Amino acid sequence: MTMTGEWFHNVETGEVARGVVTPDDGQGDRLEAELWLRPDAAVVGAHVHPHIVERFEVVEGLVGFAIDGRRQEGGPGTAIDIPAGVVHDWWNAGDDVALVRVHVEPARRFIEMIETLFALANTGRTRRGGMPGLLWGAAIAYEYRDVIRFAAPPEPLQRVLFPPLAAVARRRGRNPRDPSLHGPDSAARLKDGPDAALAAKLALAAARAAAERGEAPARA
C-alpha cells in the first residue's frame with residue numbers, strides 16, 4: 001500500500017502524484033493526493049467508478065472535464081465532485097503544468113489499480129496514452145471491476161468478453177496483482193522522491209521525442 005509522501009508517475013499519461021493522506025494513515029479508507037499534469041496529460045480514457053466518489057480541486061493551471069457527456073474547463077479554485085457511477089474523463093486543457101488536489105473514497109483498491117496501470121505504462125506494456133493492450137486490459141478490468149469500468153467497449157459486451165479474456169490473460173502471465181507491479185520496487189514509483197518527481201512532471205522533451213520516434217504496439 002502507498003504511504004503518505006510517496007511519489008508516483010506515469011510516463012504515458014503525463015501524471016505525477018504524491019500521496020497526502022492514504023488509507024494507512026488511520027483516517028479511513030480514503031486518499032488525498034497532489035497530482036501534477038504535463039501540458040499534454042490526460043487520463044487513460046472515459047470511465048466509471050461503480051462505488052467510488054471523487055473530488056478534483058484545481059490549484060494551478062487549466063483542467064478539462066467531461067462528466068456524463070458534459071464538457072467544461074476549470075482554473076484555480078474550481079472544484080468538481082464526481083459521484084459513484086458517473087462516466088467521466090479529464091485532461092490538462094492548458095499550455096502549462098497543472099496541479100490538482102484529488103480526493104478518492106474508498107481508496108485502497110483504487111490505489112492498487114492505479115499502481116498497476118502506472119507500472120505497466122512505465123515498463124512499455126501499454127499503448128501510447130497509457131491504455132493496456134487487449135489481454136492486460138481485460139485482466140485489469142476483471143480484477144478491478146469493483147473499482148473501475150471503462151466507457152468502451154459497451155458494458156454488456158465487457159460482461160461477455162472480459163471474464164474469458166481475463167482467464168486467458170492469467171494463463172499467459174498477465175496478473176494485475178503480480179507483486180512486481182506493486183510495493184516499494186514498483187516501476188510506478190519515483191524512488192528518488194520529490195526532486196525526481198518535479199523533474200519528471202516538467203520533462204516534456206523525452207516524452208515528445210519518444211512520440212516522434214513512434215511506438216511499438218503494446219503487448220496484448
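The values are calculated or read from the model by the stated rules, or taken from the named source; none is laboratory data. What you see is a predicted model, and the numbers here were worked out from it, not measured in a lab. So basically every Cβ, Gly included, is an ideal-geometry build from the backbone, and we count neighbours across all protein chains shown.
Scoring Pro50 on the criteria (1) at pLDDT below 95; (2) surrounded by fewer than 17 Cβ atoms within 10 Å (Cβ to Cβ); (3) part of a loop (DSSP other than H, G, I, E, B); (4) not hydrophobic (A, V, I, L, M, F, W, C) leaves a single failure, condition (1). All of (1) modelled with pLDDT under 95; (2) exposed (fewer than 14 other Cβ atoms within 10 Å of the Cβ); (3) in a helix (DSSP H, G or I) hold for Ala167 with one exception: (1).
Only residues that are on the phi > 0 side of the Ramachandran plot, without any contact (Cβ under 8 Å) to a residue 24 or more places away in the chain and surrounded by 13 or more Cβ atoms within 10 Å (Cβ to Cβ) were counted across the stretch 55-98, and they come to 0.
Within the stretch 19-42, the set of residues being under 27 Å from Asp95 (Cα atoms), outside any strand (DSSP E or B) and either of a type in the set (S, T, N, Q) or in contact (Cβ under 8 Å) with a residue 60 or more places away in the chain (or both) comprises Arg38, Pro39, Asp40.
Return yes when Val16 is touching a residue at least 12 places away in the same chain (Cβ under 8 Å), outside any loop (DSSP other than H, G, I, E, B) and touching a helix residue (DSSP H, G or I) at 6+ places or on another chain (Cβ under 8 Å) and no when it is not. Show your work before the answer.
Working: touching a residue at least 12 places away in the same chain (Cβ under 8 Å): yes; outside any loop (DSSP other than H, G, I, E, B): yes; touching a helix residue (DSSP H, G or I) at 6+ places or on another chain (Cβ under 8 Å): yes.
Yes, satisfied.
Taken together, the residues in the stretch 15-51 that are under 23 Å from Ala187 (Cα atoms), of a type outside the set (Lys, Arg) and touching a Phe, Trp or Tyr at 6+ places or on another chain (Cβ under 6 Å) amount to 5.
Among Arg108, Arg128, which is basic (Lys, Arg) and within 27 Å of Thr4 (Cβ to Cβ)?
Numbers: Arg128 fails: within 27 Å of Thr4 (Cβ to Cβ).
Step by step, each of Arg108, Arg128 is checked, and only Arg108 is basic (Lys, Arg) and within 27 Å of Thr4 (Cβ to Cβ).
Those residues that are among the small types (Gly, Ala, Ser) and either under 14 Å from Gly137 (Cα atoms) or touching a His at 6+ places or on another chain (Cβ under 7 Å) (or both), I need them from the stretch 170-186; list them, please.
Once the filter is applied, which keeps residues that are among the small types (Gly, Ala, Ser) and either under 14 Å from Gly137 (Cα atoms) or touching a His at 6+ places or on another chain (Cβ under 7 Å) (or both), the stretch 170-186 yields only Gly173.
Restricting attention to the stretch 101-126, the residues that are in a loop (DSSP other than H, G, I, E, B) and either aromatic (Phe, Trp, Tyr) or farther than 17 Å from Ala84 by Cβ (or both) add up to 3. Once the stretch 115-137 is narrowed to residues that are among the small types (Gly, Ala, Ser) and within 19 Å of Arg189 (Cα to Cα), the residue that is surrounded by the most Cβ atoms within 10 Å (Cβ to Cβ) is Ala121. Scanning the stretch 53-67 for residues that are modelled with pLDDT of 95 or more and part of a loop (DSSP other than H, G, I, E, B) gives a single hit, Leu62.
Could you tell me which residue of the stretch 99-114 is surrounded by the fewest Cβ atoms within 10 Å (Cβ to Cβ), considering only residues that are closer than 19 Å to Asp185 by Cβ and out of contact with any Phe, Trp or Tyr (no Cβ under 7 Å at 6 or more places or on another chain)?
First pass over the stretch 99-114, keeping only residues closer than 19 Å to Asp185 by Cβ: 111-114.
Cutting the leftovers down to out of contact with any Phe, Trp or Tyr (no Cβ under 7 Å at 6 or more places or on another chain) gives us 111-112, 114.
Values: Ile111: 24, Glu112: 18, Ile114: 23.
It comes out as Glu112.
Beta carbons closer than 9 Å, at least 6 apart along the sequence or on distinct chains, pair a first residue in the stretch 160-182 that is farther than 17 Å from Ala119 by Cα with a second that is modelled with pLDDT of 95 or more and among the acidic types (Asp, Glu) for Ala166/Glu143. Per this entry, Val147 is not counted among residues that are closer than 22 Å to Glu57 by Cα, in contact with a strand residue (DSSP E or B) (Cβ under 9 Å, 6 or more places away or on another chain), among the β-branched types (Val, Ile, Thr) and in contact (Cβ under 8 Å) with a residue 12 or more places away in the chain.
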